[in-house]
Each structure stands twice: as C-alpha cells, then as structure tokens.
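So the structure is just underneath, and the comments pick up after that.
The values are calculated or read from the model by the stated rules, or taken from the named source; none is laboratory data. Treat the numbers as computed from the prediction; the structure is a model and nothing was measured. So basically every Cβ, Gly included, is an ideal-geometry build from the backbone, and we count neighbours across all protein chains shown.
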Amino acid sequence: MKRFMDRYSSEVKGAISGWDRLAFRGTQRWLANPAGLSSFLSSQKVLLKNFKYWAEAMTSRLRKACEEVAQSLGIVARYLPSSATDKEALARGIAQEAGIQEGPICMLSVVEPTFSLTVGPNRATKRLEVMSRPRKCVWIYFYFNDPEVGFGHLRLETWVPFTIKACLNGRHWLERSLMKEGIGYIKHENCLRAVDDVARAQALADAQLRTDWPALLGRLTDTYFPVMRTLLAERPMPYYWSADETEWATDVMFRNTATLDRLFPMLARHGLIVSDSASVMRYLGRIAPEAALPAHLTGDVRGDRRRRHEGICVKHKAGRNSVKTYNKAGNVLRVETTLNDTRDFKVFRRANDDTRREPAWLQMRKGVADLERRSRLSHASNERYLDMLAPCPTEATFQEVAGEVCQPAQHNGRRARALNPSATADLHLLRFLTQGQWAVAGLRNRDLAVWLNPRADELPPEERRRLASRASRHLFILRAHGLIARVPKTHRYTVTQKGLRVAALVLATSTVRAEELMRKAA
C-alpha cells in the first residue's frame with residue numbers, strides 16, 4: 001500500500017493492519033460425524049435405541065454445570081425467549097449497568113438452529129442409525145471482557161456433538177495491549193481513530209500472529225465450560241480448533257473527517273469501476289492471472305455498493321470470500337478481507353503434519369495451524385486493493401487528467417492518433433486497461449485481441465493475423481500516450497499509473513447522467 005500512503009501522506013496519520021473479527025469452531029472430532037459418533041456409542045456400550053436418553057442426560061448435566069459456573073462467577077444468567085435478540089448489545093448493556101470493566105459479564109441461553117447428530121430409522125435398511133440433520137437446541141453463551149483479548153464470547157451447543165464457538169476481535173485485543181503499555185489512543189467500537197505510537201501499535205497487532213491458539217482457546221473453555229473436562233471422562237477428547245471466519249482489516253487513519261468525507265465517494269466509485277468481480281478474485285488469489293473467468297463462477301461473483309450509517313461500503317465478493325472498503329468512525333478508511341473458504345488457497349506444509357514427509361504447497365486448512373499464512377494472504381489482498389485505489393484522480397479536473405490523451409502523440413518518431421473518450425471503441429479500449437489481472441502479470445497482444453473479439457481463438461488463421469495487427473496498433477496508441485509501458489525483454493506491457501487514472505476517470509464520467517454533471521459543474 002506504499003503508493004496510497006505516499007500519495008496521501010500529508011492527510012494521513014498512519015495505518016494499522018491486523019485481525020478484526022475472528023470466529024473459531026471447536027470440535028471433538030470423534031463425535032463430529034455419524035460414523036465417529038456411532039463408534040463412540042459402541043465403545044461406551046450405549047445402544048442406538050437408548051441414544052435419546054443418553055444425550056438428554058448429557059444436555060442436562062451441561063446446562064446445570066453452566067448455571068453453577070455463572071453463579072460461582074457472580075454474573076447474570078438469563079434465558080432469552082428469541083434468538084433474534086442482539087446478544088452483544090445486551091451483554092454490553094449488562095456490563096455498563098453493573099460497572100464491569102474486566103472479567104466475566106453474563107451467561108445467556110437461547111434456543112437456536114444447529115446441524116447436529118441424532119439417531120433415527122433408515123427406511124431402506126429398516127434399522128436405526130446415526131444421522132446428521134438440522135434441528136434446534138439450547139446454546140449457552142458466556143460474554144466476557146478478558147484481560148488479554150478484550151471483549152468476546154464463547155457459546156456451547158448443548159446437544160451432541162457439543163460444538164464450541166468462540167468469537168474474538170483483534171482490535172479489542174489490541175486495545176488491551178495499548179492499555180497495558182500506557183499508549184494513548186481514541187477508539188470507536190472496534191476501530192482505532194488515533195494512536196499516539198502507531199509503530200508500536202502495529203508491533204502489538206503483529207504479536208497476535210504468534211499466539212498459541214489452542215492454549216488461548218483452551219484457557220477460555222476451561223474458564224467457562226470446565227464441565228467439558230469431565231463430561232466424557234471415560235474417553236476425554238481435546239477440542240480441535242479451526243477458524244470458520246477471519247477478517248483482516250487495514251485502517252488508514254486520516255487527520256480529519258472532512259478530508260475522508262471529500263475523498264471517499266471518489267475512491268468508492270473508483271473501486272467499483274476498476275475492480276470488477278474478476279479482478280477481485282485475483283486480489284484474493286482465487287485463479288491464475290492468465291486464466292479467463294470460469295463460466296460457472298459468473299453467477300456468484302459480484303460487486304456492490306451499500307449505504308452505511310457512516311458512509312458508503314464497496315464490497316467485492318467471490319464465493320464466500322470478499323474484499324470491501326468503507327469509511328469508519330469518521331476519519332478511518334478501512335479495507336477488509338474476509339476469508340470464509342480456504343480451499344482455493346495454498347500453504348507450504350507437510351501432509352498430515354507428518355515430519356517424515358517433505359513439505360509441499362498443499363490446500364490451506366481451516367485449522368488454526370494455518371492461521372498465520374491466512375493472515376499474510378489477507379494482508380496482501382488489502383495492500384493490492386489500496387494500491388488500486390491510489391491512482392484515483394481526486395484532485396485534478398477532467399481536462400488535467402484526460403486532456404493530454406485527447407491530442408495526437410508521438411512515439412519513436414511515429415504519430416499516434418488522439419483518443420476520443422466519447423467514442424464507443426475508445427471507451428472499450430480504456431475499459432480494457434482497468435481489468436485488475438494486468439497488475440499481476442502484465443498484458444499481451446493476445447489478451448487485447450481476445451478483448452476486441454471474445455471468439456478470437458475460433459477465427460481462421462488469416463482473420464486472427466488481422467486481429468493481432470489491429471491489437472498491435474491499439475497497443476502502440478496506448479504506449480504513445482503513456483497509458484501502458486513495455487516490460488523490458490518481454491512481449492508484455494504494464495498499465496501505468498497515468499493509464500489507470502485516465503481510464504478510471506473516463507469510465508466514471510461515462511456513467512453519470514448529463515443532468516448530474518451540469519448540476520455539479522454549476
């Protein structure tokens with residue numbers, strides 16, 4: 001994000017990158033699937049016809065033990081009649097009313113949907129079997145303001161397989177670290193608006209990456225759900241922790257709200273124009289830079305702009321992963337990468353953590369063992385997104401940005417015609433420059449030929465040669481105007497900062513109604 005920070009250095013106080021929301025799942029793997037639970041019940045000599053009574057007894061013990069924990073901690077225990085209740089707001093209200101600054105806050109229990117295991121008849125075999133199906137059960141929440149990680153919660157599914165979910169926030173955690181070191185800050189919700197020592201704050205955020213996650217989550221589990229140590233005492237099972245959802249946020253702190261209020265609408269529009277859905281997939285590393293957008297992905301890949309109470313949020317979604325940017329807390333520009341699906345990413349590791357095997361690039365797991373690699377991928381995504389926003393023409397007039405390309409140019413003694421931003425063909429050519437994949441590996445004559453004619457590969461040889469010559473002429477025009485630059489000793493070109501600025505501004509104005517342009521000019 002160096003380009004962005006260099007451009008706005010006089011308006012920016014600093015930037016902090018780190019974890020925002022972290023959603024963990026703890027599973028007892030032997031109980032987490034029908035085959036495993038069936039094997040476990042067999043080992044405990046529990047007949048399938050008696051499963052309901054065994055499971056209900058476990059649930060009763062769980063609920064009673066959690067009530068005893070709440071009583072021993074001296075906190076409120078409350079049953080909620082509706083799962084739609086905003087539990088976080090309720091917990092914060094309870095903490096404020098009771099004056100709780102640190103420690104346990106409350107225990108909440110509520111019936112919520114889940115996908116759990118039960119025993120039922122198989123009509124085909126006419127026998128009972130363990131099966132997984134959606135159902136409802138009581139979930140027990142413990143909210144806390146932990147001395148180390150700050151505000152968060154744990155919740156336990158009181159039906160088999162007794163899943164535990166933990167929700168932490170890296171910014172609350174960072175606040176606790178700043179308090180311990182006596183570093184001044186201003187915080188709004190989960191966002192730091194100002195920090196006295198930005199460099200030290202970043203170092204403290206980076207320290208979170210070296211966390212022993214099983215130990216931390218185990219400590220919280222032992223504090224609020226100690227019953228899980230004895231519930232299955234005959235066959236104790238440790239929890240396996242995975243990260244269901246991670247949010248990595250880069251917060252650029254502007255010196256005042258007026259500057260960001262002026263800049264952000266232009267940055268948001270620039271993000272929508274330059275970062276089409278295909279390019280956002282490349283920010284997330286989903287597909288190879290040279291690959292075309294797979295046809296089966298066009299339905300669930302989209303970009304949208306939503307109005308927030310603070311301002312505007314521009315979000316680009318690829319499957320269950322996303323990149324978004326929005327103005328937060330008045331003076332903070334936040335870029336945030338959310339990863340829910342890790343299957344399309346790679347990590348250099350040994351298969352099955354077997355020390356006898358050579359490391360290789362393998363599929364990333366959701367397990368916390370790969371969380372550090374996940375953070376680096378998310379940070380790289382945020383950096384690329386900010387660098388994409390850097391060329392946004394926020395200060396210059398249309399004439400200053402695009403006027404030069406509307407005049408003929410000279411390159412190596414040859415004359416290149418002027419570009420006409422109002423001509424459909426030239427507008428299509430400028431749109432080609434905004435495709436985000438060129439930032440990764442550059443562009444070639446073949447790329448432009450396919451852009452000019454998507455069926456280029458199906459043309460007869462003679463027509464393909466004519467199309468290649470046409471693409472060469474267009475590349476010469478773009479190069480003469482300084483919109484692209486040749487990569488030395490290759491047949492590739494990169495889009496220049498001027499190219500991005502001109503293309504983004506021309507495409508932005510092409511979508512605005514004449515009436516609105518006249519009104520703004522007046």
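Hey, among the residues in segment 230-269 that are of a type in the set (Lys, Arg) and assigned to a helix (DSSP H, G or I), which one's modelled with the highest pLDDT?
The extreme case among them is ARG262.
Among the residues of segment 402-417, is there at least one that is closer than 30 Å to VAL323 by Cβ, at pLDDT below 90 and not aliphatic (A, V, I, L, M)?
Checking segment 402-417: not a single residue is closer than 30 Å to VAL323 by Cβ, at pLDDT below 90 and not aliphatic (A, V, I, L, M).
Tell me, please, whether a residue that is in contact (Cβ under 8 Å) with a residue 12 or more places away in the chain, of a type in the set (Ser, Thr, Tyr) and either out of contact with any His (no Cβ under 7 Å at 6 or more places or on another chain) or outside the structural domain of LEU386 (by TED's automatic domain parsing) (or both) can be found in segment 22-33.
Within segment 22-33, one or more residues are in contact (Cβ under 8 Å) with a residue 12 or more places away in the chain, of a type in the set (Ser, Thr, Tyr) and either out of contact with any His (no Cβ under 7 Å at 6 or more places or on another chain) or outside the structural domain of LEU386 (by TED's automatic domain parsing) (or both).
For segment 328-351, what are the residues that are within 16 Å of the chain's Cα centre (by Cα) and in a strand (DSSP E or B)?
Correct list: LEU333, ARG334, VAL335, GLU336, THR337, THR338, LEU339.
Here are some residues: ALA456, ALA480, ALA503. Which one is assigned by TED's automatic domain parsing to the domain that holds LEU419, more than 30 Å from PRO265 (Cβ to Cβ) and in contact (Cβ under 8 Å) with a residue 60 or more places away in the chain?
ALA480
LYS45 is checked against (1) charged (D, E, K, R); (2) assigned to a helix (DSSP H, G or I); (3) closer than 19 Å to ALA233 by Cβ and fails just one. What number does that condition carry?
It is condition (2) that LYS45 fails.
GLU358 versus (1) surrounded by fewer than 18 Cβ atoms within 10 Å (Cβ to Cβ); (2) out of contact with any Ser or Thr (no Cβ under 7 Å at 6 or more places or on another chain); (3) modelled with pLDDT under 85: which is the lone unmet condition?
Only one criterion in (1) surrounded by fewer than 18 Cβ atoms within 10 Å (Cβ to Cβ); (2) out of contact with any Ser or Thr (no Cβ under 7 Å at 6 or more places or on another chain); (3) modelled with pLDDT under 85 is unmet by GLU358, namely (3).
Looking only at segment 270-279, which residues are out of contact with any Ser or Thr (no Cβ under 8 Å at 6 or more places or on another chain) and at pLDDT 60 or above?
Within segment 270-279, HIS270, LEU272, SER275 qualify.
Name the residue that is modelled with the highest pLDDT, counting only residues in segment 48-83 that are assigned to a loop (DSSP other than H, G, I, E, B) and surrounded by 11 or more Cβ atoms within 10 Å (Cβ to Cβ).
Keep residues of segment 48-83 that are assigned to a loop (DSSP other than H, G, I, E, B), which gives 74-75, 81-83.
Checking the rest, the ones that are also surrounded by 11 or more Cβ atoms within 10 Å (Cβ to Cβ) come to 75, 83.
Details: ILE75: 96, SER83: 92.
Looking at the filtered set, the residue picked out is ILE75.
Taking strands (runs of 3 or more DSSP E) that do not extend beyond segment 84-181, which have at least 2 residues that are surrounded by fewer than 17 Cβ atoms within 10 Å (Cβ to Cβ) and in contact with a Leu (Cβ under 8 Å, 6 or more places away or on another chain)?
By residue number, 103-122, 127-146.
Output the residue which, of all residues in segment 210-224 that are assigned to a helix (DSSP H, G or I) and of a type in the set (Val, Ile, Thr), is farthest from PRO147 (Cα to Cα).
The qualifying residue farthest from PRO147 (Cα to Cα) is THR221.
From the list ARG269, ARG255, ARG262, ARG235, exactly one residue is within 30 Å of GLN44 (Cα to Cα) and basic (Lys, Arg). Which is it?
Selected residue: ARG235, the only one of ARG269, ARG255, ARG262, ARG235 that is within 30 Å of GLN44 (Cα to Cα) and basic (Lys, Arg).
So how many residues does segment 329-353 have that are in contact (Cβ under 8 Å) with a residue 60 or more places away in the chain and farther than 18 Å from SER381 by Cβ?
Summing the residues that are in contact (Cβ under 8 Å) with a residue 60 or more places away in the chain and farther than 18 Å from SER381 by Cβ in segment 329-353 gives 4.
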